[in-house]
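Peer 1: Here you go, one structure.
The values are calculated or read from the model by the stated rules, or taken from the named source; none is laboratory data. Treat the numbers as computed from the prediction; the structure is a model and nothing was measured. Ideal geometry is used to build each Cβ from the backbone, glycine not excepted, and the neighbour counts take in all protein chains shown.
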Amino acid sequence: MSAAGWHPDPEGRHEYRYWDGSVWTEHVSNQGNQSVSPLGAAPADTGAAAGAAGGFAQQQGGGGLTPQPAVGGDPWSGLSGDLVDGTFSEVEGIGPQKQNSRLLRVRIAEPFMAKQGAMVAYQGNVDFQYSGGGAAKFLKKALTGEGLSLMGVSGQGDVFLADTGKHVHILKIENGGLSVNGNAVLAFSSSLDWNVERVKGGSMVAGGLFNTTLRGTGWVAITTDGEPVVLNPAEAATYADANALIAWSLGLQTSIKSSFTAGSLIGRGSGEAFQVAFQGPGFVIVQPSEGPQVPTAG
């Protein structure tokens with residue numbers, strides 16, 4: 001038997017039963033709902049069904065066909081390797097839980113919002129609904145290009161989310177706020193209020209200076225293309241390329257710095273001549289990537 005973790009119930013009465021590394025426990029799970037069911041309390045006809053299955057397997061063997069294992073056998077028998085030894089077993093917990101650095105699982109305790117197309121798997125009775133955020137937010141997204149296309153998730157079960165293999169990070173917000181690039185939002189609790197707002201100090205001339213703000217109490221999962229760095233503008237004035245900028249704490253003073261004379265030297269060949277400037281106490285999250293490189297003529 002593999003390492004401790006959730007595995008198909010050997011009695012076949014539930015979807016999963018917890019193996020503690022040495023014995024099967026009384027803890028079971030069905031469609032993401034955990035409960036207690038002692039071993040040995042199988043229905044009265046279980047023995048008859050097993051006998052019938054065994055007889056059927058014997059008949060197949062007698063007829064020259066490949067013998068089939070009896071119902072209720074160990075599906076892990078004969079397998080070895082890190083895919084079945086518990087290395088990649090689920091990380092348990094209610095709400096959002098990182099399964100690894102690039103995959104998020106949300107065990108639904110309450111409805112939440114997720115990026116459209118981010119679901120890679122789910123278990124249980126889960127409902128997905130398109131969420132545009134209302135006509136006003138739809139218009140803002142259309143005019144600004146701030147990319148936050150959402151779906152509402154509800155029901156009972158587990159939902160696994162990812163975004164093209166990017167790194168996943170979970171932030172808890174308590175009566176606070178966060179400004180985040182809409183493309184970096186993976187999921188957040190529906191208790192948070194969100195909106196598309198212009199970066200203070202920006203102008204329509206600079207372009208792309210709109211972000212998604214999240215306010216209230218709840219959690220948010222964001223993604224970064226690589227492992228990020230978190231900067232403290234209180235130590236010194238901080239400037240970030242808009243394409244590498246992921247998020248920052250609300251309350252920071254923001255402005256736009258123009259660097260036309262050094263436009264060909266700053267950044268990664270994108271031709272950007274503007275950076276977002278930050279001052280004051282708070283944090284700025286920057287990823288080690290500016291996204292796909294824009295081809296230039298010549």
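Peer 1: Quick one: which strands (runs of 3 or more DSSP E) lie wholly within the stretch 1-101 and hold at least 3 residues that are within 24 Å of the chain's Cα centre (by Cα), closer than 30 Å to Thr224 by Cα and at pLDDT 80 or above?
Peer 2: In the stretch 1-101, 95-100 are the strands (runs of 3 or more DSSP E) which contain 3 or more residues that are within 24 Å of the chain's Cα centre (by Cα), closer than 30 Å to Thr224 by Cα and at pLDDT 80 or above.
Peer 1: Is there any pair with a first residue in the stretch 173-201 that is part of a loop (DSSP other than H, G, I, E, B) and a second that is small (Gly, Ala, Ser) whose Cβ atoms are under 7 Å apart and which are 6 or more apart or on different chains, and what are they?
Peer 2: Hits for this filter: Asn181/Ala247; Ser191/Gly216; Ser191/Gly218; Leu192/Gly216; Leu192/Gly218; Gly201/Ser255.
Peer 1: Additional query: Working only within the stretch 80-107, note down all residues that are of a type in the set (S, T, N, Q), touching a residue at least 12 places away in the same chain (Cβ under 8 Å) and surrounded by 13 or more Cβ atoms within 10 Å (Cβ to Cβ).
Peer 2: Ser89, Gln99
Peer 1: Looking at Thr217, Thr238, which is the one that is surrounded by 19 or more Cβ atoms within 10 Å (Cβ to Cβ), of a type outside the set (A, V, I, L, M, F, W, C) and modelled with pLDDT of 85 or more?
Peer 2: Thr238
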